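The values are calculated or read from the model by the stated rules, or taken from the named source; none is laboratory data. Because the structure is a prediction, the values reported are computed rather than measured. Counting neighbours? That spans all protein chains shown, and the Cβs are built from the backbone with ideal geometry, glycine included. Just the protein is used for accessible areas: all its heavy atoms, side chains included, with ligands, DNA and RNA removed. Shrake-Rupley method; radii C 1.70, N 1.55, O 1.52, S 1.80 Å.
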Amino acid sequence: MVPMKSSIATFSLYISIILLLLNLVLCETESEGRENECKKRWIYIRKLPPRFNLDLLGKCSEYPLLDNFCPYLANHGLGQKTHNRSHSWYRTDPLMLELIFHRRMLEYPCLTQDPFSADAVYLPYYATLDALRYLYGTEVNSSADHGLELFDFLQDDEPSIWNRRNGHDHFLVMARPAWDFSQPLDNDPPLWGTSFLELPELFNLTALTLESRAWPWQEHAVPYPTSFHPPNLGLLESWVQRVQRSKRSALALFVGGGGVSATPNIRRSIRSECDNSTSNSTDVGGGYEKLCEVVDCSNGVCEHDPLRFMKPMLQASFCLQPPGDTPTRRSTFDSIIAGCIPVFFEDLSARSQYGWHLPDSEFDGFSVFIAKEDVVFKGLRILDVLRRIPRSRVRRMREKVMELIPRVVYRKHNSSPGLRAKKDAFDIAVDGTLDKIQSRLKELVLPL
């Protein structure tokens, strides 16, 4: 096994080499007819000291209250392969999205060396990893300070880059729900989370989070990274074909934990209905062998093991996506990759979150909505609702779900040209961010 410090040093060296090579070709790239393709799409990567990113990787085992995340740093944040012969499947941790995004940004075709000609400025700051010292470390009582060190650096080192547009053109990735960075500054004593998104100094930047709040304009939700990261078009198409051929033997599937408390809630209702359907499954109908299946992921047993849930998802028509501690779930994107039609119980779970990747106008074509209040308090049976959907409509919905697969996948870095021609979750997030920044600058009458 390679020592962690050696592994991180190798990663740091590799990043430096990539940056050097990019620097050598950037001038040539910018002068070779890319002006039209990159018009209003130029991005400058802000040079940050390693204490804001790479140094944080060396602290992957320093928080006893948090699982050691050192194994998930491999392959630039994709994690270790699920098995040695795998080319597309990894044990990916969502916390690594900042690292995944950083590596992909180094391949972005419209990078510029000139921050004053850039349309946006990317901050390669690993905000979630830096937040761990406030969430699980010794600085828990100083969580209102999260982000101030970054802002001080931006003001001290070439402040004209930030001041040019007062930070409105800056963006970063935060690989947790926005709520984890939204603790009010005046909380005393501090509660859960940090106050990064509450700092007036940082109000202007755009934050890409795994889940956004309902009202603030500075953040936008992007898909949770799944375990599927194809390196070429052939492997992506091969997977989609497998999804298409898969026999759907179960009407509905719930992958997750919870639902065992006595307090009425949607997860408890789902487990109860699934258990009852299993014990009374004499009349399944509809070509299904069973009405409902549960894959118990209590205590995080499924987090880094897609083998536990991908096969059941491939065999189910509908995947139930109830809210948990927060409205959104990584399982939503796992189910889309498996061609399993997501069933939502509140709009905040996806519809009002991922507008760039899952357009609101298309939602009814690839998902089902059942109000959780109707299930928990009015006795509405989920399986009855799903059984009433005509099979022809189910087929159309599944086809639409399969069309979404390339949009929610974070393809592997350094992927083939054929795959790069298809916009993935990263590409769509960058396009959305640039459009969001341009729109804001126009509203504020700032220089474009």
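For residue 412, the aspartates and glutamates whose Cα comes closer than 16 Å to its Cα, not counting residues fewer than 8 places off in the same chain, are 93, 98, 107, 237, 424, 427.
Computed over the range 52-113, the P(r) tail beyond 18 angstrom holds 43 percent of alpha carbon pairs.
With the convex hull built on the Cα atoms of the range 160-211, state its orientation-averaged projected area in nm². Numbers along the way, then the final one.
Working: hull surface 15.1 nm².
Averaged projected hull area, Cα only: 3.8 nm².
Given R0 = 35 Å, the distance between the Cβ atoms of residue 260 and residue 396 translates into a calculated FRET efficiency of 0.45. Shape annotation for the range 336-378: C-alpha extents along the principal axes are 32, 21, 14 Å, from largest to smallest.
When the convex hull of the Cα atoms of the range 144-235 is projected onto a plane and the area is averaged over all directions, what value comes out in nm²? Average projection, Cα convex hull of the range 144-235: 8.3 nm². Extent along the principal axes, Cα only, for the range 276-389: 43, 33, 26 Å, with the longest axis given first. Within the chain, DSSP assigns beta bridges of which about 5% are antiparallel (rounded to the nearest 5).
Show that you can apply the helix-only estimate: for the chain, add -39,500 (n - 2.57) for every DSSP H stretch of four or more residues, divide by all residues, and state [θ] at 222 nm to the nearest 500.
On the way: 16 runs with 159 residues, N = 448.
One gets -10500 deg cm²/dmol as the mean residue ellipticity at 222 nm.
Gain on full extension, evaluated as 0.36 nm per residue between residue 325 and residue 203 minus their Cα-Cα distance, stands at 41.3 nm.
Per Stokes-Einstein, at 37 °C and 0.692 mPa s, what whole-number D in µm² s⁻¹ belongs to the chain, with the Kirkwood radius over Cα pairs as the hydrodynamic radius? Mind dumping the intermediate values first?
Numbers: Rh = 23.2 Å.
Answer from the Stokes-Einstein relation: 142 µm²/s.
Taking a ≥ b ≥ c as the square roots of the eigenvalues of the Cα gyration tensor of the range 347-448, is the shape rounded (a/c under 1.5), prolate (a/b larger than b/c) or oblate? Intermediate values should be presented prior to the final figure.
Numbers: a/c = 3.17, a/b = 1.57, b/c = 2.01.
It comes out oblate by the Cα gyration axes.
Per residue, the chain exposes an accessible area of 44 Å² to a 1.4 Å probe, with every protein chain left in place.
Between residue 388 and residue 68, what FRET efficiency follows from the Cβ-Cβ distance if R0 is 45 Å, with the result rounded to 0.05?
Details: r = 47 Å, r/R0 = 1.05.
According to the calculation, E is roughly 0.45.
Just how large is the dipole of the chain about the Cα centre, in debye to the nearest 20, putting +1 at every Lys and Arg Cβ and -1 at every Asp and Glu Cβ?
Working: 52 positive and 55 negative charges, 449 e Å.
With Lys and Arg at +1 and Asp and Glu at -1, about 2160 debye.
Using a ≥ b ≥ c from the Cα gyration tensor of the range 167-304 (square roots of the eigenvalues), is it rounded, prolate or oblate, where a/c under 1.5 gives rounded and otherwise the larger of a/b and b/c decides, a/b for prolate? It comes out oblate by the Cα gyration axes. Placing dummy labels 7 Å off each Cα toward the beta-carbon, the span from residue 378 to residue 364 is 1.7 nm. For the range 184-223, chymotrypsin sites (Phe, Trp or Tyr not before Pro) meeting the loop criterion (DSSP other than H, G, I, E, B) and having at most 13 other Cβ atoms within 10 Å: 192, 217.
If you wrap the range 227-327's Cα atoms in a convex hull and average its projection over all directions, what's the area in nm²? Spell out each step's value before the answer.
On the way: hull surface 31.4 nm².
So the mean shadow area of the Cα hull is 7.9 nm².
Taken along the Cα-to-beta-carbon direction at a fixed 7 Å, the label points for residue 245 and residue 86 span 2.1 nm.
At 37 °C and 0.692 mPa s, grab the translational diffusion coefficient of the range 30-159 from Stokes-Einstein with a Kirkwood Rh over Cα pairs, rounded to a whole number in µm² per second. Write out the running numbers ahead of the final one.
Values: Rh = 16.8 Å.
For the chosen part, D equals 195 µm²/s.
Remark: spin-label model distance residue 158-residue 107 equals 2.5 nm, labels positioned 7 Å along the Cα→Cβ axis.
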